[in-house]
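What follows is a set of notes on a single structure, which appears directly below.
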Amino acid sequence: MVIDPSEILYFQFGFVRITATLVFTWITMLILSIGSYLLTRNLKIEGDISKGQNMLEALIETINIQIRQISQQAPDKYLPFIGTLFIFILASNILSIVPGFTAPTGSLNTTIALSICVFLAVPAYGIADQGILDYLKEYIKPTFIMLPFNIISEISRTLSLAIRLYGNVMSSSIIVVILLGVVPLFFPVIIQALGLLTGVIQAYIFAILAIVYIASATTKDKEKTEL
């Protein structure tokens, strides 16, 4: 049984390797791109709006509310990054119920890549908010002795993000495969449904933790912009 879709190799030429992780990531991106185009091609400001636009606005507003409540800041600057993370992970996990589709979030390579994005976003937002010198000073507070510990903390939480998401998505897939060999009909359906619920929750948790980490890097003592 193949646990990580990165172990499934479709094509290789030299150092170029096309694995199941890449293929299903591209498929997810394609579906999201087409869906985004279809939902946003006829947006209206006034009058009757389509069900698609209504759902889209509800999703964006929900993400905005979560960002505002957690960061205590205006969500505009965080929405593109946090929203992209959440929607990609959510779509990947939901599509896993489609026969033959392997969630790219079930690959450690994907979860590490997503976590690295958060790892890089934290100083990017922090420097943009505080300036590079003030941001770097945070690593030596309350004393310069804390520098290595603060760096280790940044790295360890990045790893925890990756392993948490990978472990939950992968474990549900393994359980389904095992139960298919024991009870081929009823229980695998239930476990698949629970795995789908877990995937949705994990997308939410990943996005929430990303907000927490990024918000912690921004200035806390200045007056926040109007929410």
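Restricting attention to segment 96-118, which residues are surrounded by fewer than 20 Cβ atoms within 10 Å (Cβ to Cβ) and of a type outside the set (Gly, Ala, Ser)? Give the derivation first.
Let us first name the residues in segment 96-118 that are surrounded by fewer than 20 Cβ atoms within 10 Å (Cβ to Cβ), namely 97-101, 108-109, 112-113, 116-117.
Within segment 96-118, Ile97, Val98, Pro99, Phe101, Leu108, Asn109, Ile112, Ile116, Cys117 meet the criteria.
All but one of (1) more than 21 Å from Ala121 (Cβ to Cβ); (2) open to solvent by 50 Å² or more (accessible area, probe 1.4 Å); (3) among the aliphatic types (A, V, I, L, M) hold for Met29, so report the exception by its number.
(1)
If a residue counts only when it is under 17 Å from the mean Cα position of the chain (by Cα) and within 14 Å of Ala210 (Cα to Cα), which helices (runs of 4 or more DSSP H) contained entirely in segment 25-144 have at least 2 such residues? Working first, answer last.
Working: elements: 51-71, 79-95, 108-130, 132-137.
Passing ranges, in order: 51-71, 79-95, 108-130.
Is it fair to say Leu56 is closer than 19 Å to Arg164 by Cβ and among the hydrophobic types (A, V, I, L, M, F, W, C)? Before the answer, list the steps.
Numbers: closer than 19 Å to Arg164 by Cβ: no; among the hydrophobic types (A, V, I, L, M, F, W, C): yes.
In short, no.
Return the residues of segment 119-147 that are modelled with pLDDT under 85, touching a helix residue (DSSP H, G or I) at 6+ places or on another chain (Cβ under 8 Å), under 23 Å from Lys77 (Cβ atoms) and open to solvent by 70 Å² or more (accessible area, probe 1.4 Å); say none if nothing qualifies.
Glu138
Return the pairs, sorted by first residue and then second, in which the second residue is assigned to a loop (DSSP other than H, G, I, E, B) and surrounded by fewer than 20 Cβ atoms within 10 Å (Cβ to Cβ), the first residue lies in segment 78-105 and is among the hydrophobic types (A, V, I, L, M, F, W, C) and modelled with pLDDT under 90, the beta carbons are less than 8 Å apart, and the residues are 6+ apart or on different chains.
Final answer for the pair search is Leu95/Phe101.
For Phe24, are the conditions met, namely being open to solvent by less than 40 Å² (accessible area, probe 1.4 Å) and at pLDDT 80 or above?
On the way: open to solvent by less than 40 Å² (accessible area, probe 1.4 Å): yes; at pLDDT 80 or above: yes.
Yes, satisfied.
The values are calculated or read from the model by the stated rules, or taken from the named source; none is laboratory data. What you see is a predicted model; the values in this text were computed from it and never measured. Quick reminder, even Gly has a Cβ in these numbers, built from the backbone with ideal geometry, and neighbours come from all protein chains shown. Areas reflect the complete protein model, heavy atoms only, side chains present, ligands, DNA and RNA absent. Shrake-Rupley method; radii C 1.70, N 1.55, O 1.52, S 1.80 Å.
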